[in-house]
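Notes follow once the structure below has been shown.
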Amino acid sequence: MPQDALGTDAGEAGIDGEATSQPKRGPVAKANWTPKDSSTLMLRLMMKEREQVLPEDKVFYQQIAEHIDKLLLETSKQKQGRVDAEEREKLSTTGFLEREQRYIKEIRQTEEALQRVINEKEEKQKELAGKTVTLNQMNESSTAAVRESISSQERATTEEQQLRKELRDIQNDKRELTDRHALNAKDLELLEQENERLRQHVKAFQRDVNEILA
């Protein structure tokens, strides 16, 4: 097969590096190869194959078409793989940034809470120190006053326990009264139903008597 024809076709299709660098043999290959360009290239190869007379030339173009088809398929897979990888990387980066922001926020909140606890602890320690000094002064001035305070607390505790016991007793009595009230209400409802039944029975009986006497 003549090399000029093959070189011209390959140059036009953009598959031969040397051919694409020669303006006289065809346009330079596009930077962004599209599916339409692939279809055009395969169509032109098929047309060239049909134009050949010798079987070996036809086989040659068939081999070129198959090879280019494999390259296009591999290119498509690589492009799709790159797109998928970029998407995964984007999702991973987005997720990482979101987690990082959330962790930073949680750390800041934890630090603020810890600082509040430290401040409260210092205040409590100061308060405790003040109360300790006051207690020591009270102990020094009057031990009896301390004993009286303890005794008052014990009495208050005893009274509180007694009040709690009385409250529990009252709650139990209330519960019993509520249950009794519910039973009485049920009994009253049953009596009313029985009374209504008897009234209906008396009416029916009276109606029967009137019919008999009539």
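The values are calculated or read from the model by the stated rules, or taken from the named source; none is laboratory data. All figures in this text were calculated on a predicted structure; none of them were measured in a lab. Cβ placement follows ideal geometry from the backbone for every residue including glycine, while neighbour counts extend to all protein chains displayed.
Worth pointing out:
- Every pair of residues 6+ apart whose Cβ atoms lie under 8 Å, when the first sits in the range 55-81 and is small (Gly, Ala, Ser) while the second is surrounded by 10 or more Cβ atoms within 10 Å (Cβ to Cβ): ALA65/MET42; ALA65/LEU45; ALA65/MET46; ALA65/GLU49
- Taking the criterion of being at pLDDT 80 or above, part of a loop (DSSP other than H, G, I, E, B) and surrounded by 10 or more Cβ atoms within 10 Å (Cβ to Cβ), the only residue of the range 32-62 that qualifies is GLN52.
- Residue match in the range 105-114 (condition: at pLDDT 80 or above, over 49 Å from the mean Cα position of the chain (by Cα) and either within 25 Å of THR34 (Cβ to Cβ) or surrounded by 10 or more Cβ atoms within 10 Å (Cβ to Cβ) (or both)): no
- From the options ILE212, ILE118, residue that is among the β-branched types (Val, Ile, Thr) and surrounded by fewer than 10 Cβ atoms within 10 Å (Cβ to Cβ): ILE212
- Residue match in the range 132-147 (condition: surrounded by fewer than 10 Cβ atoms within 10 Å (Cβ to Cβ) and either in a helix (DSSP H, G or I) or free of Cβ contacts under 8 Å to residues at least 60 places away in the same chain (or both)): yes
- Against the numbered list (1) modelled with pLDDT of 65 or more; (2) within 51 Å of the chain's Cα centre (by Cα), ALA29 comes up short only at (1).
- From the list SER141, SER152, SER76, SER92, the lone residue that is out of contact with any strand residue (DSSP E or B) (no Cβ under 7 Å at 6 or more places or on another chain), of a type in the set (Ser, Thr, Tyr) and within 30 Å of MET42 (Cβ to Cβ) is SER76.
- Residue match in the range 59-76 (condition: more than 29 Å from ASP37 (Cα to Cα) and among the small types (Gly, Ala, Ser)): no
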